[in-house]
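Note sheet for the following structure.
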Amino acid sequence: MENALLAPRIDRMRNKTISNGGIMNYREAYTESIESPASFWGKAAEAINWDRRWDTVLDDTRLPFCQWFKGGRLNTCFNAVDRHVQEGRGSQPAIIYDSPVTGTTSVTTFQELLDRVARIAGFLKGLGVEKGDTVIVYMPMIPEAVLSMLACARLGAIHSVVFGGFAARELAVRIDDARPKAILSASCGIEVKRVIPYKPLLDEAIRIAVHKPEHCVILQRPMVEAPLVSGRDHDWTDLEAHAHPAGCVSVEATDPLYILYTSGTTGRPKGVVRDNGGHAVALAWSMKHIYNIGPGDVYWAASDVGWVVGHSYIVYAPLFVGATTIVYEGKPVGTPDPGAFWRVVSEHGVKTLFTAPTAIRAIKREDAQGAFLKPYDLSRFEALFLAGERTDPDTYHWASRLLQRPVIDHWWQTETGWAIAGNFLGLETFPVKPGSATKPMPGYNLKILDPTTAKELGPNENGMIVVKLPLPPSNLPTLWKDDERFLNSYMKPYPGYYLTGDGGYMDEDGYVFVMGRVDDVLNVAGHRLSTGGMEEVLSRHPDVAECAVVGAADDLKGQVPVGMIVLKSGVDRPHEEIIAEVVRMVREEIGAVASFKKAVVVKRLPKTRSGKILRGTMRKLADGEAVAVPSTIDDPVILDEIRNSLVTIGYGPHPKKAG
Ligand code: COA
Ligand code: AMP
């Protein structure tokens, strides 16, 4: 069925092979990366400035743990900032801040970036932050968010950025896991026209958390003045004004650069660790070969620094190669109109835009004919890259027709830090098959396994997508202080392989089709969320006996969560009241970003006779798909009841699949 949907209607893109330091095409690059990873990545590492060359490119003696560039020393901030000033690009824009929500645009050159980052690192040092300490960054999309990350990297401190849309409890969980010495934050964020004070959320998170940071540094934005707690909180502007610039601290290639928490199947997020050396090498390689971006180019990842796309492609990768990055504080629509992205592309001369398909669907919904694009000069714009969820063929075709430029779907995860599969503008550009993320990236030995037998499957056979070890550079070396969970989540299910958590297939031409998560992770508007986390919130409601949250297909956001709750016996309050309460609880405890707006009360959840909840069946019901009654179900009648309840909230027989 999926193959019919994705029939190989091949759209010819520019089919080019360009010279690339001896590597002529994809096949040669890919083959070398799999057969001689040390040779391939050793050459790629020449693009990075090292304080000390590595002893070993790849140490895989402790598989499934692998270490890249062991013995090497470098500083990530030096590679992103200082080296460009030293190489004569000091007056080139490094960051363009474009904020339609505040009506502001500003430019920071590499020289100015260096001066500010060194001072911010200086005040952090003054607060006692040293190499190996953790620092949480809880910030809206303002340049200081980027500066904070770079300042931590400068000191060898480990940053952990928490997405500004997460509520206090989610922040508290991350504070307790990362145990930061300091937290960097701002007085508020702005969601279109809504000003969101951050300080009450931060204070509440610190109150709930067991670990208490020694210092909080608050950037006061003009819209909201945050009250400061004496002895703990500091005013950012004061500290920066009086700070002594700090130099770069040389760290091991294998030392952690950051922790980024991402949703797993339970409510406890996973602390994905990123190293310094492998990360810099892979990201620099990706900029040249995937995106065809180099010094002086303007590159825009329209995401948020709180997500992995923001870490890799708003902050580190563009700066590693001396490109200009854009920090955009706005939305694709509503700030002020669906032409917002095209305005930014045109005004700042963006060469490559990277966003999520959901953003394109939002623009399409409000401007199907592309009238808002017409006033803008897009002559410097070369390509649109999409990730965060599969680019459905409709969105692909619409964007291609509108933009008349390559539209490239590429697949990746927080765990990998860069694409696992994609197309290449700087190596070899393959014809697009809509619905496919194209080819595996060099370094990723992708296989499709049968979920039960673990046998490798052939072309067009659907299964678990795994990566045969070793993982390439920039992939997570482990989870923060939790090797056991790293092994259990990713490595033990299929020994010798990394489990991506995504299902799909590869066709006879080696094109990768990623069809969705095979676990309970949701993808809502390109944001990764845990159904387990939402269920934990729902079960705290005093009237709820049991619950399940599943992802239902949504034509804008890809997926949205839908709750099914079973009430405790004797509860006779109106269901609407209870539903409104659980919706509020998820918003307050996880955040509005969860988009948890709908739930139904059901008599029972469908389960197997051994008591396992049939989530896959519920997901199909919510999507209006035909459901074969599972032979193991304990009570088949319940399926009809749930189907009928879902219809009352707009789910069920009329599938709302994206595209
Ligand atoms: N701080 C506080 N609240 C936030 C927030 C933040 N940083 N980010 C989102 N929210 C809130 C929104 O205001 C919204 O609140 P509401 O329910 O009161 O309206 C809610 O969380 C859901 O946000 P969002 O998912 O952004 O939905 P939306 O309806 O506001 O916008 C899109 C829809 C498609 C325009 C938007 O999701 C989008 O731009 N997505 C692209 C995502 C992306 O770049 N992902 C990164 C991977 S590449
Ligand atoms: P995150 O860790 O937040 O980046 O989310 C990673 C998940 O998003 C992946 O495991 C996929 O399920 C999904 N995803 C990201 N990009 C793509 C893509 N291009 N195609 C299909 N799924 C994607």
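The values are calculated or read from the model by the stated rules, or taken from the named source; none is laboratory data. Computed from a prediction, not measured in an experiment: that's the story for all the values here. Here the Cβ is made from the backbone with ideal geometry for all residues, glycine too, and neighbour counts use every protein chain on show. Only protein heavy atoms, including side chains, enter the accessible area calculation; ligands, DNA and RNA are left aside. Shrake-Rupley method; radii C 1.70, N 1.55, O 1.52, S 1.80 Å.
Determine whether Val309 is in contact with a strand residue (DSSP E or B) (Cβ under 8 Å, 6 or more places away or on another chain), within 11 Å of ligand 1 (Cβ to nearest atom), at pLDDT 95 or above and assigned to a helix (DSSP H, G or I).
Values: in contact with a strand residue (DSSP E or B) (Cβ under 8 Å, 6 or more places away or on another chain): yes; within 11 Å of ligand 1 (Cβ to nearest atom): yes; at pLDDT 95 or above: yes; assigned to a helix (DSSP H, G or I): yes.
Considered against the rule, which asks whether it is in contact with a strand residue (DSSP E or B) (Cβ under 8 Å, 6 or more places away or on another chain), within 11 Å of ligand 1 (Cβ to nearest atom), at pLDDT 95 or above and assigned to a helix (DSSP H, G or I), Val309 comes out as yes.
Just to be sure I understand the filter: pairs with C-beta atoms under 7 Å, separated by 6 or more residues or on different chains, first member in segment 399-424 and of a type in the set (Lys, Arg), second member part of a strand (DSSP E or B) and within 14 Å of ligand 1 (Cβ to nearest atom). Which pairs pass?
Arg405/Leu384
Among the listed residues Pro451, Pro470, identify the single one that is in contact with a Cys (Cβ under 7 Å, 6 or more places away or on another chain), surrounded by fewer than 22 Cβ atoms within 10 Å (Cβ to Cβ) and on the phi < 0 side of the Ramachandran plot.
Pro470 is the lone residue from the list that is in contact with a Cys (Cβ under 7 Å, 6 or more places away or on another chain), surrounded by fewer than 22 Cβ atoms within 10 Å (Cβ to Cβ) and on the phi < 0 side of the Ramachandran plot.
Quick one: how many residues across segment 240-267 are assigned to a helix (DSSP H, G or I) and open to solvent by less than 40 Å² (accessible area, probe 1.4 Å)?
1
Examine segment 316-325 for a residue that is within 21 Å of the chain's Cα centre (by Cα), buried (at least 24 other Cβ atoms within 10 Å of the Cβ), within 16 Å of ligand 2 (Cβ to nearest atom) and assigned to a helix (DSSP H, G or I), and state whether such a residue exists.
Checking segment 316-325: at least one residue is within 21 Å of the chain's Cα centre (by Cα), buried (at least 24 other Cβ atoms within 10 Å of the Cβ), within 16 Å of ligand 2 (Cβ to nearest atom) and assigned to a helix (DSSP H, G or I).
Is it true that some residue in segment 185-194 is under 22 Å from Gly128 (Cβ atoms) and either aromatic (Phe, Trp, Tyr) or buried (at least 21 other Cβ atoms within 10 Å of the Cβ) (or both)? Spell out the reasoning first.
Initially, segment 185-194 is screened for residues under 22 Å from Gly128 (Cβ atoms), giving 185-186.
Checking the rest, the ones that are also either aromatic (Phe, Trp, Tyr) or buried (at least 21 other Cβ atoms within 10 Å of the Cβ) (or both) come to 185-186.
Looking for residues that are under 22 Å from Gly128 (Cβ atoms) and either aromatic (Phe, Trp, Tyr) or buried (at least 21 other Cβ atoms within 10 Å of the Cβ) (or both), one finds at least one in segment 185-194, hence yes.
As an exercise: evaluate Ala301 against (1) within 19 Å of Phe424 (Cα to Cα); (2) open to solvent by 10 Å² or more (accessible area, probe 1.4 Å); (3) small (Gly, Ala, Ser) and give the number of the one condition it does not meet.
(2)
Does segment 334-355 contain any residue that is part of a loop (DSSP other than H, G, I, E, B), surrounded by fewer than 21 Cβ atoms within 10 Å (Cβ to Cβ), of a type outside the set (Lys, Arg) and touching a strand residue (DSSP E or B) at 6+ places or on another chain (Cβ under 8 Å)?
Checked segment 334-355: at least one residue is part of a loop (DSSP other than H, G, I, E, B), surrounded by fewer than 21 Cβ atoms within 10 Å (Cβ to Cβ), of a type outside the set (Lys, Arg) and touching a strand residue (DSSP E or B) at 6+ places or on another chain (Cβ under 8 Å).
Does any residue of segment 467-483 turn out to be within 16 Å of ligand 2 (Cβ to nearest atom), of a type outside the set (Phe, Trp, Tyr), at pLDDT below 95 and farther than 21 Å from Phe596 by Cβ?
Within segment 467-483 (the criterion being within 16 Å of ligand 2 (Cβ to nearest atom), of a type outside the set (Phe, Trp, Tyr), at pLDDT below 95 and farther than 21 Å from Phe596 by Cβ), the answer is no, since none of the residues qualifies.
Across segment 401-446, which residue is nearest to the chain's Cα centre (by Cα) among those that are within 11 Å of ligand 2 (Cβ to nearest atom), open to solvent by 10 Å² or more (accessible area, probe 1.4 Å) and of a type in the set (A, V, I, L, M, F, W, C)?
Result: Trp412.
Going residue by residue through segment 268-290, is there one that turns out to be closer than 20 Å to Ala594 by Cα, of a type in the set (D, E, K, R), surrounded by 24 or more Cβ atoms within 10 Å (Cβ to Cβ) and within 16 Å of ligand 2 (Cβ to nearest atom)?
Within segment 268-290, one or more residues are closer than 20 Å to Ala594 by Cα, of a type in the set (D, E, K, R), surrounded by 24 or more Cβ atoms within 10 Å (Cβ to Cβ) and within 16 Å of ligand 2 (Cβ to nearest atom).
From the list Met491, Met506, exactly one residue is farther than 29 Å from Arg604 by Cβ and within 15 Å of ligand 2 (Cβ to nearest atom). Which is it?
Numbers: Met491 fails: within 15 Å of ligand 2 (Cβ to nearest atom).
Going through Met491, Met506 in turn, the sole match is Met506.
Can Ala359 be described as under 24 Å from the mean Cα position of the chain (by Cα), within 16 Å of ligand 2 (Cβ to nearest atom) and surrounded by fewer than 24 Cβ atoms within 10 Å (Cβ to Cβ)? Full working, then the answer.
Numbers: under 24 Å from the mean Cα position of the chain (by Cα): yes; within 16 Å of ligand 2 (Cβ to nearest atom): yes; surrounded by fewer than 24 Cβ atoms within 10 Å (Cβ to Cβ): yes.
Yes, satisfied.
Condition test on Ser595, is it of a type outside the set (Lys, Arg) and at pLDDT 85 or above?
Answer is yes for this residue.
Yes/no matrix, rows are residues, columns are (1) buried (at least 24 other Cβ atoms within 10 Å of the Cβ); (2) farther than 15 Å from Val273 by Cα:
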site	(1), (2)
Gly132	no, no
Met139	yes, yes
Val146	yes, yes
Ala167	no, yes
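Quick check on Ser645: is it open to solvent by less than 30 Å² (accessible area, probe 1.4 Å), within 16 Å of ligand 2 (Cβ to nearest atom) and among the polar types (S, T, N, Q)? Before the answer, list the steps.
Values: open to solvent by less than 30 Å² (accessible area, probe 1.4 Å): yes; within 16 Å of ligand 2 (Cβ to nearest atom): no; among the polar types (S, T, N, Q): yes.
Criteria not met by Ser645.
Could you list all residues from segment 85-126 that are open to solvent by less than 40 Å² (accessible area, probe 1.4 Å) and assigned to a helix (DSSP H, G or I)?
Selection gives Val85, Phe110, Leu113, Leu114, Val117, Ala118, Ile120, Ala121, Gly122, Phe123, Leu124.
Yes/no matrix, rows are residues, columns are (1) more than 16 Å from ligand 1 (Cβ to nearest atom); (2) under 19 Å from the mean Cα position of the chain (by Cα); (3) not acidic (Asp, Glu):
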| residue | (1), (2), (3) |
| --- | --- |
| Pro140 | no, yes, yes |
| Ala157 | yes, no, yes |
| Phe163 | no, yes, yes |
| Ser185 | no, no, yes |
| Lys193 | no, no, yes |
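Looking at segment 362-382, which of its residues are in contact with a helix residue (DSSP H, G or I) (Cβ under 7 Å, 6 or more places away or on another chain), in a loop (DSSP other than H, G, I, E, B) and surrounded by 13 or more Cβ atoms within 10 Å (Cβ to Cβ)?
Those that are in contact with a helix residue (DSSP H, G or I) (Cβ under 7 Å, 6 or more places away or on another chain), in a loop (DSSP other than H, G, I, E, B) and surrounded by 13 or more Cβ atoms within 10 Å (Cβ to Cβ): Gly370, Phe372, Leu373, Tyr376, Leu378, Phe381.
Quick one: which of Val583, Val601, Val571, Val549 is buried (at least 21 other Cβ atoms within 10 Å of the Cβ), of a type in the set (Val, Ile, Thr) and at negative phi? It would help to see each step written out before you state the result.
Working: Val583 fails: buried (at least 21 other Cβ atoms within 10 Å of the Cβ); Val601 fails: buried (at least 21 other Cβ atoms within 10 Å of the Cβ); Val571 fails: buried (at least 21 other Cβ atoms within 10 Å of the Cβ).
Being buried (at least 21 other Cβ atoms within 10 Å of the Cβ), of a type in the set (Val, Ile, Thr) and at negative phi holds for just one of Val583, Val601, Val571, Val549, which is Val549.
Residues in segment 516-531: is at least one outside any strand (DSSP E or B), away from ligand 1 (no atom under 16 Å from the Cβ), crowded, with 17+ Cβ neighbours inside 10 Å and over 20 Å from the mean Cα position of the chain (by Cα)?
No, the conditions are met nowhere in segment 516-531.
Mind listing just one residue for me: the one in segment 36-84 that is among the acidic types (Asp, Glu) and within 30 Å of Glu484 (Cα to Cα) and, of those, surrounded by the most Cβ atoms within 10 Å (Cβ to Cβ)?
Going through the qualifying residues, I end up with Asp59.
Name the single residue, out of those in segment 532-542 being assigned to a helix (DSSP H, G or I) and under 22 Å from Ala580 (Cβ atoms), that is most open to solvent (accessible area, probe 1.4 Å). If you could, list the steps in order and put the result at the bottom.
Of all residues in segment 532-542, those assigned to a helix (DSSP H, G or I) come to 532-539.
If we keep only those that are under 22 Å from Ala580 (Cβ atoms) too, we end up with 533-539.
On the way: Gly533: 12, Met534: 2, Glu535: 26, Glu536: 87, Val537: 5, Leu538: 0, Ser539: 62 Å².
Among them, the one singled out is Glu536.
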